[in-house]
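Asker: Please find one structure pasted underneath; my questions will follow.
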Amino acid sequence: MEAPKAKAIPKVLEIHGDRRIDPYYWLRERDNPDVIQYLEDENTYYRWFMERIQPLTDELYDDMVARIPDAEERVPVQGDQYFYYTRMEKSLQYPIHARKRAASREALAAAEEEIVLNLNDLAGDGYLSVTVLATSPDEKRLAYLENRDGTDRYTLLVKDLTTGEMLPDRIEGVFIDGSVAWSADGQYLFYITVDEAQRPYRLYRHRLGDPVEHDALVYQEDDETCILTLAKSQSGRYLFLTSSTKTSTEVRYLPADDPLSEWTVFRPRQADVEYELEHWDDAFLVLTNLHRPNFSLFRHPIAPCEDERLEELFPYDEARYLTGVHPFREAVVIEGREGGLTQIWTFASGRLTRLEWDEPLYTVSVSANRRYDTREVLIQYESFLTPRTTYALDPVSVTRKELHRQPVNGPYHPSDYVQERLWAKANDGTDVPVSLVYRKDARADGPAPCILYGYGSYGHNLDPVFMPTLLLPLLDRGVIYAIAHVRGGSEMGRHWYENGKMLRKKNTFTDFIACADALIREGYTSPEKLAADGRSAGGLLMGAVANMGGDRFAAISAGVPFVDVVTTMLDPTIPLTTLEWDEWGDPLDETYYFYMKSYSPYDNVEPKRYPHLIVTTGLNDPRVAYWEPAKWVAKLRATKTGQEALVLKTHMGAGHFGSSGRLEHLRESAEIHAFLLYHIGVSPKRSTAS
């Protein structure tokens, strides 16, 4: 079957005295039948091509499903009257949210289960995403967000947990996350809505039972580079409304028991100053980078901020990057990073203590905790080799007790595998960490097939976690799985992020290539056996690497890739564009324009051989519009040389995150990884003969 070719309709784009010719600009016209037809033609070609690796896809999918436990249950989290938890059955696409009324953890076994929300009953045949499950303070009602098209516009619904009935309150256009909170009396809901560009910008107050059109507009953020998020303090006594860019924040606070009063600004926004608020005892806790690049923790009276009244709780340490604070009545639990890994500290009686772990690579985090007055703080620990383990941490004595370890279906012996860290030397001499996991025998016969994953934007980190449905099927085929901790993330501290954004963005791409070179040089793999994988901004990474260092890779997967950087960043009508200027720069400034153009994957496609490429997107994606990968693939088809495969799959009914059901999501993952494995020389384990 011949690959589809999009028609070229040249459009001239001029700015800063520079002239770009975009032959596929027309693919933005979603209402144009020719656009939909082109996407369908690409999907047809995708299905035709994938038929040749169907045995490997099916086998990989079967092995993924086989690793799903028959039943999974998260450790119940204690509220005032109930313990809340999520469970999953192997045959189900979606989780079940439930609770039990019990006075203690020991009494849970005998308590009767109540279903809070069964997503399988809601799903139907299409897409479903449910986020922000918030129970009212009296635990009688549930507010949650529901979406059925893959965008970031959700519907706020309220369920009576006593009767099981849905209340008439229904609010459209609410943001996907960080957007809903109850007042202390449970009579009011505060929520955040989005504008036409899907930017969360308005805070409303809704009285339960009132018509939505009567809701009070509390605050509107008119700065189009800012977004709003809403949170409640761990103590439940305050609500916090944060207006933020990627480099500054401004927080308003409100007593949760006085929902009709005015919100108070804690500290007005200031360029390059970020902070977040929490409430502890009779004061606010302020986590901020004010004069502290890697953030420090202060105490301040409950009043508008006066910098001279900020009291630092413990001395600042440049090697310690603090990222989150969780106050409880007798102690504070703090999240952060040190030594390139996640860490947890406790602060009690004026003493800061770091939790210690035995493995060289791991990920640790604070779980959702509903109570403030408690000596049981749930934390999670995992690594490439250790299943997700939940501990009860006493933050005062700094002792912990294992409560639950994620079950692993099928045979699994951690001693059969190795996890380690490799350091790659970047172009400027910077040491870049690479995390690796593989079977002990994978390298017995020389270079092994390897998948190198990366992201490197927004300060987002990629940490070693236990992924049995993905990793075990790969590792047991002799594949090395590696993560490149490139600059643009913050694995090594805030400076790691700052040195991989704006006019230093190319460090992200060259770091990834350096990681590939190190894997090849050290004999872990070879260019014929190395694949690369990344999604979203990680898809940008894949596009740039394909242009700049594609000869290191046999195959690349680019999921929902942000590849048309210049055109998108010049168009403020595209959802989220204005929010991105602090990450990439504003191309209305010619310095940023020409720098972006120098790495934008779409603008730098060349007539040369590229690795085998699998590209995925979603028609309803508000974060990376479908036309970016569609244009990129069209231009690659018309420009590249060689016979390497190039396939594009557009999910016609979903958005940025692909299919919503677990089994459907696994099927998509199996397809992508089968494509990569096929092109790095991994064959099906089972015979395909009839």
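The values are calculated or read from the model by the stated rules, or taken from the named source; none is laboratory data. Quick caveat, the model's predicted, so the values are computed rather than measured. Note: ideal-geometry Cβ built from the backbone for every residue, glycine included; neighbour counts use all protein chains shown. These area figures cover heavy atoms from the full protein model, side chains too; ligands, DNA and RNA do not enter into them. Shrake-Rupley method; radii C 1.70, N 1.55, O 1.52, S 1.80 Å.
Asker: Assuming R0 = 25 Å, can you tell me the calculated FRET efficiency for the pair E213 and D258, based on Cβ-Cβ distance, to the nearest 0.05?
Answerer: Once rounded, the FRET efficiency stands at 0.55.
Asker: At a 1.4 Å probe radius, carbon and sulfur cover how many percent of the accessible area of the chain?
Answerer: 47 percent
Asker: Please give the calculated 222 nm ellipticity per residue for the chain, where each DSSP H segment of at least 4 residues contributes -39500 (n - 2.57) and the sum is spread over every residue; nearest 500 deg cm²/dmol?
Answerer: Using -39500 (n - 2.57) per qualifying helix, the result is -5500 deg cm²/dmol.
Asker: Calculate the spin-label point distance for Y372 paired with N118, positioning each point 7 Å from the Cα along the beta-carbon direction, and give it in nanometres.
Answerer: Going by the 7 Å Cα→Cβ label model, 3.6 nm.
Asker: Considering the Cα positions of the stretch 502-583, please state its Rg to one decimal place and its Dmax as a whole number of Å.
Answerer: Both quantities, over Cα of the stretch 502-583: 14.4, 48 Å.
Asker: Could you pull out every residue, at least 5 positions away or on a different chain, whose amide H is within less than 5 Å of the one on G488? Hs are placed 1.01 Å off N in the peptide plane, and Pro or chain starts have none.
Answerer: Long-range HN contacts for G488: Y497, N499, G500.
Asker: Taking the Cβ of H16 as the centre, find all other residues whose Cβ is under 15 Å away and add up their charges (Lys, Arg: +1; Asp, Glu: -1).
Answerer: -3
Asker: Only sites in a loop by DSSP and with at most 16 other Cβ atoms within 10 Å count here; which GluC sites (Glu not before Pro) in the stretch 256-365 make the cut?
Answerer: Within the stretch 256-365, the qualifying GluC sites (Glu not before Pro) (loop, at most 16 other Cβ atoms within 10 Å) are E262, E306, E318, E330, E356.
Asker: Now for a different question. Between the stretch 425-444 and the stretch 521-555, what is the C-alpha centre distance in whole Å?
Answerer: Each part reduced to its Cα centre gives a spacing of 14 Å.
Asker: Of all trypsin sites (Lys or Arg not before Pro) in the stretch 7-103, which ones are in loop regions per DSSP and have a Cβ with at most 14 other Cβ atoms within 10 Å?
Answerer: K7, R30, K90
Asker: Same structure, new question: 7 Å from Cα along Cα→Cβ at both I302 and V12: what's the point-to-point distance in nm?
Answerer: 6.5 nm
Asker: Right, another one. If R0 is 51 Å, what FRET efficiency do you get for L108 and Q270 from their C-beta distance, rounded to 0.05?
Answerer: 0.60
Asker: Next up: Can you tell me which lysines have their Cα less than 29 Å from the Cα of K506? Leave out same-chain residues fewer than eight positions away.
Answerer: K11, K246, K425, K529, K597, K608, K631, K635, K640, K649
Asker: Same structure again: Quick one: which residues, 5+ away or cross-chain, put their amide H under 5 Å from the amide H of L167? H built at 1.01 Å from N.
Answerer: V158, K159, D160
Asker: Further, regarding this structure: For the stretch 299-391, run through the chymotrypsin sites (Phe, Trp or Tyr not before Pro) and keep only the ones in DSSP coil with at most 13 other Cβ atoms within 10 Å of their Cβ.
Answerer: Nothing satisfies the criteria.
Asker: On to the next question. Rank these residues by their accessible area, most exposed first, probe 1.4 Å: M64, M502, M1.
Answerer: Sorted by accessible area, descending: M1, M502, M64.
Asker: While we're here: For Q220 and E318, FRET efficiency with R0 = 30 Å and r from the beta-carbon atoms, rounded to 0.05?
Answerer: 0.20
Asker: Give, as a single signed number, the net charge of other residues whose beta carbon lies under 14 Å from the beta carbon of L239, with Lys and Arg counted +1 and Asp and Glu -1.
Answerer: Summing Lys and Arg as +1 and Asp and Glu as -1 gives -2.
Asker: Here is a further query. Express as a percent, rounded to the nearest 5, the fraction of DSSP beta bridges in the chain (both residues included) that run antiparallel.
Answerer: 85 percent
Asker: Rounded if a/c is under 1.5, else prolate if a/b is larger than b/c, else oblate: which is the stretch 406-446, with a ≥ b ≥ c the root eigenvalues of its Cα gyration tensor?
Answerer: In terms of gyration-tensor shape, oblate.
Asker: Shape call for the stretch 285-421 from the C-alpha gyration tensor, a ≥ b ≥ c root eigenvalues: rounded (a/c under 1.5), prolate (a/b greater than b/c) or oblate?
Answerer: prolate
Asker: Straight-line reach from K140: which lysines have a Cα under 22 Å away, not including same-chain ones fewer than 8 places off?
Answerer: K140 reaches K100, K159, K232.
Asker: Stokes-Einstein D for the stretch 402-557 at 25 °C, 0.890 mPa s, Kirkwood Rh over Cα pairs, in µm²/s?
Answerer: Translational diffusion coefficient: 154 µm²/s.
Asker: Order of 446-457, 120-131, 292-303 by packing, highest average Cβ count within 10 Å first?
Answerer: Highest mean packing first, the order is 446-457, 292-303, 120-131.
Asker: Please list 3J(HN,Hα) in residue order for the stretch 87-93, calculated via the Karplus relation 6.51 cos²θ - 1.76 cosθ + 1.60 where θ = phi - 60°; whole Hz, with x for glycine and proline.
Answerer: Values per residue, Gly and Pro as x: 10, 9, 9, 4, 7, 8, 7 Hz.
Asker: While we're here: For a quick check: with amide H placed at 1.01 Å from N, whose amide H comes under 5 Å from V116's, ignoring anything fewer than 5 positions away on the same chain?
Answerer: Those lying under 5 Å, H to H, from V116 are H97, A98, R99.
Asker: On to the next question. For the stretch 330-345, what does the Karplus curve 6.51 cos²θ - 1.76 cosθ + 1.60, with θ = phi - 60°, yield as ³J(HN,Hα) per residue in whole Hz, taken in order and with x for Gly and Pro?
Answerer: 9, 6, 10, 10, 10, 9, x, 9, 7, x, x, 10, 5, 9, 10, 10
Asker: For a test of the definition: using alpha carbon positions, the gyration tensor, and the 1.5 limit on a/c, classify the chain as rounded, prolate or oblate.
Answerer: Rounded is the answer for the chain, as its axis ratio a/c remains below 1.5.
Asker: Shifting gears a bit: Residue by residue through the stretch 216-231, which ³J(HN,Hα) values in whole Hz follow from phi under the Karplus form 6.51 cos²θ - 1.76 cosθ + 1.60 (θ = phi - 60°), with glycine and proline marked x?
Answerer: Residue by residue, the stretch 216-231 yields 8, 6, 8, 7, 10, 8, 8, 6, 6, 9, 10, 10, 10, 9, 10, 8 Hz.
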